[in-house]
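Participant: Structure in C-alpha cells, see below.
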Amino acid sequence: MMEGSAGLKHKHLEFTLAAVSELSSSSVSSSSSYTPVIARFSADGGVAELRFRQGSEFIDGFNVDLGTAQLFKLGPVKSLCVSESSETNKERPYSWGVTIEFRNEEESRDFHSAFEQWKEEDVVQGTHLPNGAISASKSKFDNKIEPSSAKMYFHYYGQLLHQQNMLQDYVRTGTYYAAVIENRADFTGHVVVDVGAGSGILSLFAAQAGAKHVYAVEASEMAEYARKLIAGNPTLGQRITVIKGKIEEVELPEKADILISEPMGTLLVNERMLESYIIARDRFLVPNGKMFPSIGRIHMAPFSDEYLFVEIANKALFWQQQNYYGVDLTPLYGSAFQGYFSQPVVDAFDPRLLVSPPMCHEEDLYEIDIPLKFTASVGTRVHGLACWFDVLFNGSTVQRWLTTAPGAPTTHWYQIRCVLSQPIYVMAGQEITGRLHMIAHNAQSYTIYLTLSAKMWGPGAEQGGILQTS
C-alpha cells in the first residue's frame, strides 16, 4: 500500500489508488489489466507536494502543492483534493482539483492522515519561496479565499447601506425573530455565538430570548457599528460581547450551547459563508448543541421563459455589425453570445414558468454534484434551470422554515436561473435529465456546470436514449 513514512525529513510516501481524475474529466483507472496509479508525497527542494504516476511516468499537470491544498472526504472511498492556483498560473483561474478513489476505507483513512501530517510539517517548516523567504501559515479562511475577494467582501458588509438592505427584508428578519422568540427554551440561560454578526441584530434577538451571554463575531468594520447598536440597548447589551475577527481565527472564553447565523448567499452557497458556519460548529459548539438554522435545501426545476431568452440573446446583437466604423465585429459574436448566457439571472419570477414539479437536494459544501430528473408537465421550450433554497430553524418548541421559493414573499436573495444558450423542446410527460455540478473557487463563489437533456420516447427511452442535450 505505501512506502516510507510521513514527514518532510523523509524522501517520499506512496499510496496505490483505485482511480484519480481531474475535476470534469475522465478517470485514470487502476486495475489488474492497467498499470497502477500511485499517489506520491514528496519534499524535493524542501517543498511538500503530492504527485500521481502510472509506472515510472508522472501524470502531467497532476502535481499538488501541499502548502495551498485541502482534502475533502466525498464518501467512504472517495475524496477531493483541491489546490489554489498561483497568480502566475493563468490556466487555472480559481481552484483546481482531483478526485481520488481508494481501494478501501482503511487506505482512505491512512491517506487522509498522511496528508494532514505532510501539510502540517510543511506549514511548520515553511513554504520556501523563490527568494528564500518563508511564508506565514494561514487560517482555513485565508487558505480557501483570494485576498482581494475577501477585502471586497468585508468592505461590502462593513457598510450600513447593505445591512439596512438585509434588515428591511422583512421575510428574512421576521422569520429569524419568530424562530428565536418562539423557541425561548433553547436560548434562556444558554451561551450563544452569533457567526458573522453584522449589525448585531441576531445577537440582540438572542438576548431578548433570555440568552445568558452572546458572543457576536464579525470580521468586517461593521463590528464597530454593532458595538454602538448594542451599547445603545444596555438592558440587552450587557449580555453581548462583540469580537472583531474571522470565526476561523478568533478564540472564545467558553463553548456555545447554540449557534445563530445568517450564512446564506444566493443559491444558498454563494459567498461560501456556510463553510465558516460549519467551522464555527466544529470549533465552538458543545456536543448536541443547536444551530439556527440547522438544515439547508436547494430546490431546482426546469423553466420556460421565451421573453428572458430573447432579452439575453438580443444583448449580443451588437456584435453582429459588419460595418462598425469600417470594422467587422462578427468574429466576436459567438463569444459574446456565450458570455451573456454564462451569467446566472438573479430575480423573482412567476412560478407558472416552471415546466415540472421541483426536486430538492442536500449536499456537501465544496463540490456539489446533483443528478437531475424531471417529468415535463407541459409541452414547451425549456430555457434552463431555476433554483431557490430554504433553511430550517429546528427549535425545541417550534420548527420554522425560511423559504425563497417563487410565489412566496420575495426576499433579498430572490431566485436564480441558469439560462441555456440552446433551449430544448419537450412534450408533456417527457423526461428531462441532466446534471448540476458546482465547484467552489477562491473568489467566494462557485463555478456552475449545467447540462439538461430531453429523453427519447418509446423503446429507446428504456435504454437511456437522448433526443436533445444543451
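Participant: Could you name every one of the helices (runs of 4 or more DSSP H) located completely within region 121-199 that has at least 1 residues being modelled with pLDDT under 80?
Facilitator: 140-144, 147-157, 160-167
Okay, residues lined up against (1) surrounded by 15 or more Cβ atoms within 10 Å (Cβ to Cβ); (2) not in a helix (DSSP H, G or I):
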position	(1), (2)
Glu248	yes, yes
Arg281	yes, no
Gly289	yes, yes
Arg297	yes, yes
Val310	no, no
Asn314	no, no
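Participant: OK, next. Hey, can you tell me all the residues within region 280-302 that are farther than 25 Å from Leu436 by Cβ and among the aliphatic types (A, V, I, L, M)?
Facilitator: Listed by number, the residues that qualify are Ala280, Leu285, Val286, Met291.
Per-residue answers, yes or no, for (1) surrounded by fewer than 15 Cβ atoms within 10 Å (Cβ to Cβ); (2) more than 19 Å from Ile432 (Cβ to Cβ); (3) in contact with a strand residue (DSSP E or B) (Cβ under 9 Å, 6 or more places away or on another chain):
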residue: Phe341; (1), (2), (3): no, no, yes
residue: Asp350; (1), (2), (3): yes, yes, no
residue: Cys360; (1), (2), (3): yes, no, yes
residue: Arg381; (1), (2), (3): yes, no, yes
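Participant: Starting from residues that are open to solvent by 60 Å² or more (accessible area, probe 1.4 Å) and among the charged types (D, E, K, R), keep the ones in region 216-238 and report whichever is farthest from Phe284 (Cα to Cα).
Facilitator: Lys228
Participant: Enumerate the strands (runs of 3 or more DSSP E) found wholly within region 338-417, keeping only those where 1 or more residues are of a type in the set (Ser, Thr, Tyr).
Facilitator: Fully inside region 338-417 and qualifying: 367-375, 380-394, 399-403.
Participant: Restricting to region 305-355, and then to whatever is among the charged types (D, E, K, R) and free of Cβ contacts under 8 Å to residues at least 40 places away in the same chain, can you tell me which residue is farthest from Ser421 (Cα to Cα)?
Facilitator: Asp328
Participant: Just name the residue that is surrounded by the fewest Cβ atoms within 10 Å (Cβ to Cβ) out of those in region 388-408 that are under 30 Å from Tyr425 (Cβ atoms) and in contact with a Ser or Thr (Cβ under 9 Å, 6 or more places away or on another chain).
Facilitator: Phe389
Participant: May I pose another question? Given Gly379, Gly434, Gly429, Gly407, which one is under 30 Å from Gly174 (Cα atoms) and either among the aromatic types (Phe, Trp, Tyr) or in contact (Cβ under 8 Å) with a residue 40 or more places away in the chain (or both)?
Facilitator: The match here is Gly407.
Participant: Determine whether region 269-286 contains at least one residue that is free of Cβ contacts under 8 Å to residues at least 12 places away in the same chain and among the hydroxyl-bearing types (Ser, Thr, Tyr).
Facilitator: No, region 269-286 contains no residue that is free of Cβ contacts under 8 Å to residues at least 12 places away in the same chain and among the hydroxyl-bearing types (Ser, Thr, Tyr).
The values are calculated or read from the model by the stated rules, or taken from the named source; none is laboratory data. Everything numeric in this text was worked out from a predicted model, so none of it was measured. As a convention, Cβ positions derive from the backbone with ideal geometry for all residues, glycine included, and neighbour counts pool all protein chains shown. We work out accessible area using only protein heavy atoms, side chains counted, and drop any ligands, DNA or RNA first. Shrake-Rupley method; radii C 1.70, N 1.55, O 1.52, S 1.80 Å.
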